[in-house]
1. Filter the stretch 47-65 for residues that are surrounded by 12 or more Cβ atoms within 10 Å (Cβ to Cβ), touching a helix residue (DSSP H, G or I) at 6+ places or on another chain (Cβ under 9 Å) and either part of a loop (DSSP other than H, G, I, E, B) or free of Cβ contacts under 8 Å to residues at least 60 places away in the same chain (or both) and give the result.
2. Which of the residues belonging to the stretch 229-261 are surrounded by fewer than 19 Cβ atoms within 10 Å (Cβ to Cβ), in contact with a helix residue (DSSP H, G or I) (Cβ under 8 Å, 6 or more places away or on another chain) and over 25 Å from residue 308 (Cβ atoms)?
3. Suppose we filter 237, 183, 227 for residues that are more than 23 Å from residue 282 (Cα to Cα) and in the same structural domain as residue 285 (by TED's automatic domain parsing); which single one remains?
4. Scanning the stretch 19-43 for residues that are surrounded by 12 or more Cβ atoms within 10 Å (Cβ to Cβ) and more than 28 Å from the chain's Cα centre (by Cα), which turns out nearest to residue 77 (Cα to Cα)?
5. Checking residue 204 against (1) farther than 30 Å from residue 74 by Cβ; (2) part of a strand (DSSP E or B), which single condition isn't satisfied?
6. Just to be sure I understand, how many residues within the stretch 133-190 are farther than 21 Å from residue 228 by Cβ and not in a helix (DSSP H, G or I)?
7. Suppose we keep only residues that are buried (at least 18 other Cβ atoms within 10 Å of the Cβ) and out of contact with any strand residue (DSSP E or B) (no Cβ under 9 Å at 6 or more places or on another chain) within the stretch 166-208. Which one would you say is farthest from residue 83 (Cα to Cα)?
8. If residue 17 meets every condition in (1) closer than 21 Å to residue 68 by Cβ; (2) part of a helix (DSSP H, G or I) apart from one, which number is that one?
């Protein structure tokens with residue numbers, strides 16, 4: 001349930017309410033809005049809401065029927081805006097993340113990062129540990145890959161995002177990345193999500209291959225309930241009966257998520273389509289639909305890529321798309337960086 005405090009409620013009153021519900025077995029999550037402070041009560045036992053409404057400073061108690069509470073619009077009416085390396089996701093802002101699917105070598109990352117940096121990209125992506133369907137496919141360079149992407153990113157003053165696959169990798173990733181990425185296959189790895197709730201960096205959660213939006217939001221709830229409010233949702237295409245594209249990119253998820261949740265939602269058109277020539281039109285469509293960001297795969301030599309070359313843009317293609325997106329975004333009141 002949500003406890004809405006009166007406008008002007010004191011810090012002491014907010015503290016007393018939080019302590020009251022914690023003594024009843026709930027976890028108290030405080031969100032300070034422009035007009036009201038809202039306290040989310042998660043877990044606990046059945047309680048008469050009138051007992052809370054009688055406390056000093058309480059305006060009303062709202063029961064929430066949905067399973068997710070902390071990422072709900074009811075808990076926080078205003079959009080969450082996250083900032084990484086000067087790039088904002090959410091609200092009137094849309095950030096761009098770019099880079100290769102996989103970190104292959106220092107030379108490859110240097111070639112890609114130097115181009116992207118010259119275009120104005122501030123966040124570099126690249127996989128060091130790759131969960132692959134086939135055990136014979138390239139699995140990534142591991143820690144060596146993280147060292148490479150961190151070194152290159154530092155050279156060009158860029159932030160880093162890469163996919164973490166298991167709990168034991170979290171301390172390693174904390175040394176190298178600025179955004180933890182949870183891949184589609186790990187969206188419901190609940191033990192991993194719980195642990196990521198304790199990190200002090202943003203967590204990007206990709207939608208599972210066959211996950212509903214509610215299941216996706218529940219994954220975000222796992223991270224947020226651990227104390228980490230910096231969550232980004234990433235729509236990367238879902239599995240349907242269609243075989244013309246690698247996945248079916250669900251752009252309807254943008255308005256649906258925005259109605260249900262305050263969290264920023266970004267789009268991955270590379271995995272969503274699996275085809276280079278489909279990335280640009282779906283990126284433009286995503287911006288028109290109100291996305292809070294894009295994550296696009298870029299490789300200096302896609303035909304030589306060890307992973308997903310067919311869906312990776314050449315740097316020059318990305319630059320032209322990036323320029324176009326900057327023109328489209330203001331039409332719907334967004335700024336792309």
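The values are calculated or read from the model by the stated rules, or taken from the named source; none is laboratory data. Keep in mind the model is a prediction, meaning the values are calculated, not measured. For neighbour counting, all protein chains shown are included, and Cβ atoms are generated from backbone atoms with ideal geometry for every residue, glycine included.
1. 47, 51, 52, 55, 56, 57, 58, 59, 60
2. 256, 260
3. When all the criteria are applied, what remains is 227.
4. Step by step, filter the stretch 19-43, then rank; the result is 21.
5. Going through the list (1) farther than 30 Å from residue 74 by Cβ; (2) part of a strand (DSSP E or B), residue 204 breaks only (1).
6. Number satisfying all stated conditions: 13.
7. Step by step, filter the stretch 166-208, then rank; the result is 169.
8. (1)
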